[in-house]
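The numbers here are math on the coordinates, done by the rules we state, and not lab data. The model shown is predicted, which means the values in this text are computed figures rather than measured ones. Glycine also receives a Cβ, built like all others from the backbone with ideal geometry; neighbour counts cover every protein chain displayed.
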Amino acid sequence: EESNFSPYFAAALKRMLNFNVPPVKNSTGEPVWKVLIYDRFGQDIISPLLSVKELRDMGITLHLLLHSDRDAIPDVPAVYFVMPTEENIDRMCQDLRNQLYESYYLNFISAISRSKLEDIANAAIGANAVTQVAKVFDQYLNFITLEDDMFILCNQNKELVSYRAINRSDITDTEMETIMDTIVDSLFCFFVTLGAIPIIRCSRGTAAEMVAVKLDKKLRENLRDARNSLFTGDTLGAGQFSFQRPLLVLVDRNIDLATPLHHTWTYQALVHDVLDFHLNRVNLEESAGTESSPAGARPKKKNKKSYDLTASDKFWQKHKGSPFPEVAESVQQELESYRAQEDEVKRLKSIMGIEGEDEGAISMLSDNTAKLTSAVSSLPELLEKKRLIDLHTNVATAVLEHIKTRKLDVYFEYEEKIMSKSTLDKSLLDMISDPDAGTPEDKMRLFLIYYISSAQVPSEVDLEQYKKALLDAGCNLAPLSYIKQWKAFTKMASAPTSYGNTTPKPLGLFSRVMNTGSQFVMEGVKNLVLKQQNLPVTRILDNLMEMKSNPETDDYRYFDPKMLRGSDSSVPRNKNPFQEAIVFVVGGGNYIEYQNLVDYIKGKQGKHVLYGCSELFNAAQFIKQVSYLG
C-alpha cells in the first residue's frame, strides 16, 4: 500500500479552497464559483499539487497574485492564501476598503500574530465589512509537498535557509536563531497537518540538533496549552497513519557532501541534474531545427517548452526511479503499443465509412458498432497516452543528449567505484585530462567526490598535480577551499562514511533500444543496472527505524515532546521498530537521496518513509553555494 500523505495533503488544500468545509456541491451539482488570491508562497504550495483543471473543478474561475492589479468582482467570494506578512496584510485591508469581493475567507499559510489580526479587524470595521470577512484561518501549511513522500520547506527566499547561509563562518548567533526558527516553523506546520507528534532523533553538535531542540520545545508548548492545542486527534491526518507515532530523523547535510555532487543514473534525478527542473516542472529549450537559415539572417530563437511531471502522469510515476536505459526502452514500448492502437482506430473509422461510403461498410456495420463505440470511448485516453509519450520522448531525448555529449554514464560508474572503494580501471588524472569526457563542472564534481571519499587526503604534491590538470581542463577551483576546510573538520568528527561496496554492473549493450527504428540512439552508452546500496542518510534511517545498534547513530539524541520532562538522553524509551518515519535533511537534499530511501523502503513491508529537506538543490546549485563559502 502507498504512503498516503500527499493526496491527503492535497485534501487539506481542497478543504481550504472550499471555505474550510469538506467539499460539497450546491443543489445544482455545481461548485460555488470563487476567486483564489495568493502570494508567491501560496502559489508555490498549490501549483505542484493542484492543476488548473482541478482548481476549475472546485469552482475557482480566477487565481490571482495578491500584489497584482485586480478588478473588483463584487458578487463573488474570495479565498485568500498568503503568508501573514506586513505588506500582505496591508494589501488585504486595502481590498476590504475597496470592497473588491462579496466575502473574504482569509487563510494564512503560517500562524498570524494577535496584533496583525487586530489590524485586519480594524480595517474591516473601518470599511463596514465586518460581516463580509467570513473566516480567518491559520492553515499551518508552510511547506511544499512535491511527491506523495517528499516535501521541501520553501521556494521563495530559500537562500535564507540555504546550506550556504547555515554554514557561513561569520554567521552570528542571532542570524542562526532566525534560520532555525524558520525551519522549525515549517516542520511544526508539517506535523500539525500530519496530525502526529513524532519521536525525534538527531546527531549531536550540528544544525540538525539546534532544529531538534527548538522543535521539541515548540511541540511541547503546544501540547501543554490544552485549550488551544493543535493536536487534538480530530485532525485530517488522525485516521491516515497507523496508531504508532512516527519517527523524525533530523540529519545534517554535512554528514555526506559526496551524494549532492554525485552524477546519477535514474530518470528523475537526471532530469533535476541536467535540465531545468523546479517544483515538478521541467523547462526545455527546443532545438531550433536543423535547416540552415540564409546567410546574414538572425538566428532562430529557441522555443521554450515546459512540462509538468506530476502524480497524475502514470509513466513518470512508474519510471521516475528507473535507470535511464530502462526509461528509454519503456518510452519506445509505449510508442509501439500506441501505434498499434492508433491503427485500430483508423481501421474502425474507415470501416464505419467515415472516410467514404461503400457497400461493404454498411453490411459490416452491425458487428462493428460495438467495436467502434469502445474505440471512440477510449479515444480521450489514447490522446492522453500520446501526450505523455511525446512529453517523455522530448524529456528523455534532452537527457540523453547530455549523457552522450558529457559521457555521464562513465562519470556515474567511476564515482560509484570511488564511493564504494573499488579498484579504478583508469586513473583520476586521465579522467580529468580527457578532453572528450564531461564539462569542467563534471570534472570538478568527480574530483571533489574523490577528495571527500578518500581515507587519506592527497599529499600536497599530488594535490598540486590535480589542481593543474583541473585548471588546464577549464575548471573553477573555488569550491575546493571550502571542501578542504570541511574535510579537515569532519575528519576529527568521524571516519569517512563508506557507501557500501557494490558497483553498478554493466548489462552489455541494450537489447531493444539498440534495434534500428528506436527513437533513442543509445550507441556507446553503457547499460548500467543499479544495485541497491544504502547511502549514508538511508543507513542512518535504517539504524534508527529498526532500532539497530551502530556506532554511527548510537549517540543520536532522543526527544519525546509528549514526555512531561524533556531529558537529554540518547537512550530511546521505545524499543520497538518504527512503521513510519520522516527523514529531514537540514542544509538541503537531492533526488538521489530521495530515490535511495524510496528503494530502501520498498523492501520493508507496510513501512513508510517521507523525505524532507530545507531546500532541494542539484550539483550545479550546490557547487555554487560551496564556492561562496570557500
remark   = Rounded to a whole number, the Stokes-Einstein D of region 408-493 in µm²/s (Kirkwood radius over Cα pairs; 4 °C; 1.567 mPa s) is 98 µm²/s
Region 263-279-region 85-121 distance, computed between alpha-carbon centres (Å) = 39 Å
inquiry  = For a protection proxy built on the mean count of beta-carbon atoms within 10 angstrom, sort 478-488, 256-266, 422-432 highest first, please.
reply    = 256-266, 478-488, 422-432
remark   = Per residue, the convex hull enclosing the Cα atoms of region 5-141 spans a volume in Å³ of 105 Å³
